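Inspection log for the structure reproduced underneath, given as structure tokens.
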Amino acid sequence: CLFCSLCIGFHYLSSCLFSVDTAQKDIVFLLDGSDGTRNGFPAMRDFVEKVVEKLNVGENKDRVSVVQYSRDANVNFYLNTYTRKEDIVDSIRGLKHKGGRPLNTGAALQYVRDNVFTDSSGSRRLQGVPQMLVLLNGGRSFDSVDAPASALKQQGIYVIGIGTGGSDSKELQKISYQPNLALSVSDYSDLPTVQEQLSSAMSTVLLRATPVTPTVTGKKGKRKVMKGISLNSCHTVSCWQSGCLNTCLKCDCFLVEKRLPGRDIVFLLDGSDDTRTGFPAMRDFVQRVVETLSVDDSTDRVSVVQYSRDPTVQFYLNTYTTKGEILDTLRDLRPKGGRPLNTGAALQYLRDNVFTASAGSRRLEGVPQILILLSGGRSFDRVEEPASALKQLGVLTFAIGSRSSDSRELQSISHDRSYALSVGGETQCGRKQRPCLCVEKRLPGRDIVFLLDGSDDTRTGFPAMRDFVQRVVETLSVDDSTDRVSVVQYSRDPTVQFYLNTYTTKGEILDTLRDLRPKGGRPLNTGAALQYLRDNVFTASAGSRRLEGVPQILILLSGGRSFDRVEEPASALKQLGVLTFAIGSRSSDSRELQSISHDRSYALSVSEFTDLPKVQQQLQSSVEAVVSKVTPETPTVLGMFILRACQPR
């Protein structure tokens, strides 16, 4: 709701908001430090301090950053600069007004997107931690805010804009994640009147999906699930009194409930001239798949896009909320026509415009993203790069072609070669096969990262470590894209030998391993290396399939005690769901290895690294046991999605 004039002491509307504590938030304050706010800046600074006082600040809790701007933006401190509330408050109290003009809010929004909401600056966006930007603004922007504001929304950042009498209310609404998140005060001295509403928004709207650590009980155990968030409008609040104010409000706040996150499914249909006769069968196929989905309870979302020379969106993932609306639109679907068939351009378009938060995608909430391509011919343009970009985004692509399609092209587009299906002609989709979108139990593979102590102290033992890794890799299923492997060395700092998506064959990995030499150096900073893996290797861009539910495994081989602290980065990996096994020698600290490992029993020890073959079987047995625990026994939203053409009844 927009604020007009509410008294200091505005009460939290407990009858309206069902508050749920969120364990982590990344909050960036963007402050107008231009010449026009010189008098009001102390009030802004005090406001930020009061908000921070209410946060639960910590490395693995809430993080805070402050940025000032006028003509350009200046970072006062990043999200990972401070881990204690006291340090943040001290820094805020010492904040000086930067001054300058004009007020370029658009450039500042773009700056925080590119430089503050990033891994290196402490953002935990890719780990599913809610991202929030609080803008305090005292005037109309000199530059355009449209594109950078849209970019922040697409990145899933919740923006709350707070303005004064000199601000442009429409501009603030455009910047804010939702128009009702644009707040207003007469001048900055009235900021305390909106503090409670801001806190309420931060504790509710910001709730995002976070993985629940799997626990196993009995034979079946508890399934690993995701917490999904449903946001619903609450009831009107009747008249209430607060000190001097007696007024009636309508509250556009939200109820929060835990639910399974469902699926976001996009159908990409070849609507070119060459599929004109087969298009009705494609349309009927899509209709029957939609019939099997759970749309009406907001579990599943559906989008349909046609393409030929260029793509045309029929409807986005957030266009319709009922199955009836989707089916009605599908019945009227007609082929768009045109040529040539630019499948590559269409795939890129989906990545940039459909699998986005503004188009209804819930990817950043951990909801599986599925693309079903129905194509009737070979693409005129190249498909490799856009197909790879979709895979890196975590989109599971299934490609269905006809006899005129290029089977190799379909396989390269698909998330896995086995997800490329073929029919004799488009009409087979409708006449001979009953389509079904099924979730089957399937071993999802493993993403395995080896972290090797390459310091001066392990120079003689390094060949034995390298041989051990080679022998483990020999047992993996790399060539069929089931398992992925990465190797990182470290001493003072880490060095990536290759990422999870660098090699796709076992032969390439083994060839690289044979040439591996110790990097050398000291001291041994195991903590920094663990943090590096979390931020740079267990990520989608580096080939991690964590968001697809693939088990993430770290095998650490360490020959000594760490010079830096390991507790926080080890805890961060556990929170990310990484299963860490630590193997040490006689020079290692056994307690340190146990604190790093996912479970104390996963910390193994040998006298010398030449004895590593003695623990290889124990390691592999432990890995297999723990993977079976975190792999659901029954289909869940975290399982691998299999689209199969079912046999006719």
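Points to keep in mind about this one:
- Kirkwood hydrodynamic radius (C-alpha pairs) into Stokes-Einstein, segment 264-441, 25 °C and 0.890 mPa s, D in µm²/s: 154
- Value of D in µm² per second that Stokes-Einstein yields for segment 446-630, Kirkwood Rh from Cα pairs, at 20 °C (1.002 mPa s): 134
- Counting DSSP beta bridges with both ends in segment 446-630, the antiparallel % (nearest 5): 15
- Label reach from ARG101 (point 7 Å along Cα→C-beta): in segment 139-159, amide nitrogens under 16 Å belong to 139-143.
- Using the Cβ-Cβ distance between GLU567 and ARG522 with R0 = 30 Å, the FRET efficiency computed as 1/(1 + (r/R0)^6) comes to roughly 0.90.
- Linear extension gain, SER388 paired with ASP352, 0.36 nm per residue minus alpha-carbon span: 11.6 nm
- Residues with amide H under 5 Å from that of SER422, placed H, sequence gap 5 or more: GLY401
- If you plug the beta carbon distance of LYS614 and ARG417 into 1/(1 + (r/R0)^6) with R0 = 41 Å, you get a FRET efficiency near 0.60.
- Segment 20-136 shape via C-alpha gyration tensor axes, a/c threshold 1.5: oblate
- Each Lys or Arg adds one and each Asp or Glu takes one away; over the other residues whose Cβ falls under 13 Å from the Cβ of LEU410, this sums to -1.
- Across the cross-link table entries LYS54/LYS170; LYS323/LYS574; LYS85/LYS153; LYS25/LYS506; LYS391/LYS506; LYS61/LYS519, which are compared at the Cα atoms, the separations over 31 Å belong to LYS323/LYS574; LYS25/LYS506; LYS61/LYS519.
- Amide proton proximity set for SER123, modelled H, under 5 Å, gap of 5+: THR118
- Using θ = phi - 60° and Karplus 6.51 cos²θ - 1.76 cosθ + 1.60, couplings along segment 326-336 (whole Hz; Gly, Pro as x): 5, 5, 4, 5, 5, 4, 8, 5, 10, x, 6
- The calculated FRET efficiency for the pair ASP381 and ASP72, based on their C-beta separation and a Förster distance of 41 Å, comes to about 0.55.
- Proximal aspartates and glutamates relative to LYS50, as straight alpha-carbon distance under 16 Å, when same-chain residues fewer than 8 apart are discounted: ASP62, GLU86, ASP87, ASP90, ASP190, GLU196
- Summary of packing: across the peptides 386-393, 24-31, the per-residue average of other C-beta atoms within 10 Å ranks them, highest first, as 24-31, 386-393.
Just so you know, all these numbers are worked out from the coordinates, no wet-lab data involved. Predicted, not measured: the structure shown is a model, and the values here were computed from it. Here the Cβ is made from the backbone with ideal geometry for all residues, glycine too, and neighbour counts use every protein chain on show.
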